[in-house]
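Please read the structure below before turning to the comments.
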Amino acid sequence: MKHLPLREAALSWLEHAAHLPTAFHGLTDEALTELPEWEALEEAVSTAAPRNEHPDLYVRVNGDRLPNYRILLGESGLGAATRLIAQGTDVPKAEAADSFVAFCAHPAPVPERWLLLNGDFPQGTQIRLGPYTLQTFTEGDLRQMVPMPAVHDLGPGCPAPAGQPWPLAWVGGLIP
């Protein structure tokens with residue numbers, strides 16, 4: 001397989017979309033990854049945006065970190081552009097390819113986890129705040145989070161005392 005620069009691979013992907021059957025627009029991003037051109041695009045992403053610099057573009061599969069098609073096709077908009085082109089919509093391919101390259105080259109977001117220690121909410125609470133969710137956690141959930149000095153005081157086997165509120169934490173951002 002010839003290794004293409006990312007922009008060239010994205011342009012090739014979009015050019016190929018024009019030759020897909022018009023019914024192809026109904027296929028999912030997962031189905032798009034079955035196209036032969038997906039491998040070249042994946043390889044170009046791996047070269048241009050290595051997983052150690054852009055962990056947000058990758059997913060762990062059987063112990064390996066592979067390009068995440070849900071991010072690369074779904075969140076970048078490349079999958080939608082592919083389906084539009086397959087339908088015959090005039091999509092500016094060069095602009096779409098440039099947007100995809102910019103998406104892949106953006107600085108990786110910094111993972112964040114917040115813990116609000118003064119919440120008076122019953123166990124099982126979930127509150128949506130735009131793209132974020134505030135939710136209560138069990139002792140086991142807290143032990144899986146990044147160690148924080150405030151959590152160390154709970155000690156092993158110390159769940160929230162009976163009748164006390166469960167901790168409330170923000171869930172969002174990207175977890176590496």
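The numbers here are math on the coordinates, done by the rules we state, and not lab data. Nothing here was measured: the structure is a model prediction, and the numbers come from that model. Neighbour counts are summed over all protein chains in view; Cβ atoms, including those assigned to glycine, are modelled from backbone coordinates with ideal geometry.
Which residues' amide hydrogens lie under 5 Å from the amide hydrogen of Y58, considering only partners 5 or more residues apart or on another chain, with H built in the peptide plane?
Close amide H contacts, sequence-distant or interchain: N68.
Within a Cβ distance under 12 Å of H106, other residues only, what is the Lys/Arg minus Asp/Glu net charge?
Taking every Cβ under 12 Å from that of H106, the sum is -3.
Taking every pair of alpha-carbon atoms in the range 1-85, give the share separated by more than 20 Å as a whole percent. Mind dumping the intermediate values first?
Values: 1059 of 3570 pairs.
That tail contains 30 percent of the Cα-Cα pairs.
Could you list which residues have their amide H under 5 Å from that of T133, counting only those 5 or more apart in sequence or on another chain, with H placed in the peptide plane?
When sequence neighbours closer than 5 places are left aside, the close amide H contacts are V171.
Taking R0 as 30 Å, what's the FRET efficiency between N52 and E15 from their Cβ-Cβ distance, rounded to 0.05?
Working: r = 31 Å, r/R0 = 1.02.
Once rounded, the FRET efficiency stands at 0.45.
Work out from phi, with θ = phi - 60° and the Karplus expression 6.51 cos²θ - 1.76 cosθ + 1.60, the ³J(HN,Hα) of each residue of the range 96-103, listed in order in whole Hz, and give x for Gly and Pro.
Listing the rounded values in order: 4, 5, 4, 5, 5, 4, 4, 4 Hz.
Assuming R0 = 35 Å, can you tell me the calculated FRET efficiency for the pair L66 and D120, based on Cβ-Cβ distance, to the nearest 0.05?
0.25
Could you tell me the calculated FRET efficiency between E42 and T89, based on Cβ-Cβ distance and R0 = 30 angstrom, to the nearest 0.05?
Numbers: r = 25 Å, r/R0 = 0.82.
Plugging the Cβ-Cβ distance into 1/(1 + (r/R0)^6) gives 0.75.
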